[in-house]
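**Q** Sharing a structure below in structure tokens format, with a few things to ask.
The values are calculated or read from the model by the stated rules, or taken from the named source; none is laboratory data. Worth saying up front: this structure is predicted, and the values here are computed from it rather than measured. FYI the Cβ positions are ideal-geometry reconstructions off the backbone, even for glycines, and counts take in every protein chain you see.
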Amino acid sequence: MEKEKKRNKGSDFVQGLFDGIPIGLGYLSVSFGFGIMAVGAGISVFEAFMISLTNLTSAGQAQGVSVIAAGGTLFEMALVQFIINIRYALMALSLSQKLDDRFTLPHRLLAAYGITDEIFAVCSTKEGNIRPKYMYGVILISTMGWVSGTFLGAAAGELLPSSVTSALGLVLYGMFLAIIVPPARKHFGILFTVLCAAMLSVICKFFLPFLSGGFTVIICSVIAAVAGALIFPRKEKDEEGEEADE
Amino acid sequence: MTMAAYIIVMAGMTYLIRMLPFAFFRKKIKSEFIKSLLYYVPYAVLSAMTIPAVFYSTGSFPTAIAGTVAALVLAYFDLPLIVVALAASLTAFITGFFF
């Protein structure tokens, strides 16, 4: 009882900060790679910083930078962000079922900014309902890691030898592989979708070179995901138990 | 096209995708197809973004391939994201001395 009362007084925020430390550290190093990538694509340090602050997402930003570098249209940019980030809608949906009553509309509007794969993972696996302050804590420390890493990568990236910066170009892709490989190993449907998308992407690169990177990603991922959903529809029970084998 | 316009479109679209369902959606999606599709989309996107782009990410095929193989092996053994990401990079860096 006593403890519960104390918890209400604002240590929710501290708990959120604490739970978010691993995310913040992870983001720091990954966004360092993003900063280098952005500057390499001709984007200024300040612009890279602003992109990270306003977007807070790895895949969307990486692809966004290549759209900018290629001089793509704003329509392409919007479509690319839509397809790449549509997964957040699913996470937001799922997370909305877990919110505390204190999560009024203004809180929802604010906290929605911070729905990322990792923040979603931490919040959705937390016991009980989520309070606004807790989520703000997780978001704050994660965002600090993300923007400071971007700044450092963009600013110091130019000072580092090219052998280091070119190797750091792999950081984001390494993270992407770390996200897709473990579930692909466990679920045949994911493995199928992933291989299908990779194959289509290679085909586009070499046989449809007039397609820009952004559209290639959109076309390949939509076809692969539709194929995956048609051939390997997921059953209800798989939804929660990620570990359940097919 | 100015940079500000790109950033506003990027940030606006990303925010709307997160905010609309978070703030306003109260029902549960019933369609098995839509649920499956939403489930597969992130993996498809990440895969299409990574292959073949990762092989060009370091400016040299041998280092990129070495880094990718390292990432695949470590990811296969379920190591944390950050370990896989940094090890891939380190492998490419070390391989760089030989090629």
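**Q** Can you tell me which residue is farthest from B:Phe55 (Cα to Cα) among those in the range A:201-215 that are more than 7 Å from chain B (Cβ to nearest Cβ) and either buried (at least 18 other Cβ atoms within 10 Å of the Cβ) or hydroxyl-bearing (Ser, Thr, Tyr) (or both)?
**A** A:Phe215
**Q** I'd like the full set of residues that are more than 8 Å from chain B (Cβ to nearest Cβ) and assigned to a helix (DSSP H, G or I), limited to the range A:47-85.
**A** Those that are more than 8 Å from chain B (Cβ to nearest Cβ) and assigned to a helix (DSSP H, G or I): A:Ala48, A:Phe49, A:Ser52, A:Leu53, A:Ser58, A:Val65, A:Ser66, A:Ala69, A:Phe75, A:Glu76, A:Leu79, A:Val80.
**Q** Further, regarding this structure: In the range A:158-188, which residues are surrounded by fewer than 22 Cβ atoms within 10 Å (Cβ to Cβ) and of a type in the set (Gly, Ala, Ser)?
**A** A:Ser162, A:Ser163, A:Ala184
**Q** Can you confirm whether A:Asn85 is under 18 Å from the mean Cα position of the chain (by Cα), closer than 23 Å to B:Ala53 by Cα and modelled with pLDDT of 95 or more?
**A** Criteria not met by A:Asn85.
**Q** Would it be correct to say that A:Phe120 is aromatic (Phe, Trp, Tyr), touching a helix residue (DSSP H, G or I) at 6+ places or on another chain (Cβ under 7 Å) and over 23 Å from A:Ala89 (Cβ atoms)?
**A** no
**Q** Pairs only if they're at least six apart or on different chains, beta carbon under 6 angstrom, first in the range A:38-49 and aromatic (Phe, Trp, Tyr), second surrounded by 17 or more Cβ atoms within 10 Å (Cβ to Cβ) and assigned to a helix (DSSP H, G or I); list them, first residue then second.
**A** Correct list of pairs: A:Phe49/A:Thr150; A:Phe49/A:Phe151.
**Q** Where residues in the range A:102-146 are more than 14 Å from chain B (Cβ to nearest Cβ) and part of a loop (DSSP other than H, G, I, E, B), which of them is modelled with the lowest pLDDT?
**A** Selected residue: A:Thr125.
**Q** Take residues that are within 25 Å of A:Thr193 (Cβ to Cβ) and modelled with pLDDT under 90 and tell me which of the helices (runs of 4 or more DSSP H) falling wholly in chain B contain 1 or more.
**A** B:32-50, B:81-95
**Q** Taking the range A:88-101 as the search range and keeping residues that are within 26 Å of B:Leu38 (Cα to Cα) and of a type in the set (D, E, K, R), which one is farthest from the other protein chains (Cβ to nearest Cβ)?
**A** A:Asp100
**Q** OK, next. Could you list, in sequence order, the residues of the range A:156-208 that are outside any helix (DSSP H, G or I), without any contact (Cβ under 8 Å) to a residue 12 or more places away in the chain and more than 30 Å from A:Ser44 (Cβ to Cβ)?
**A** A:Leu208
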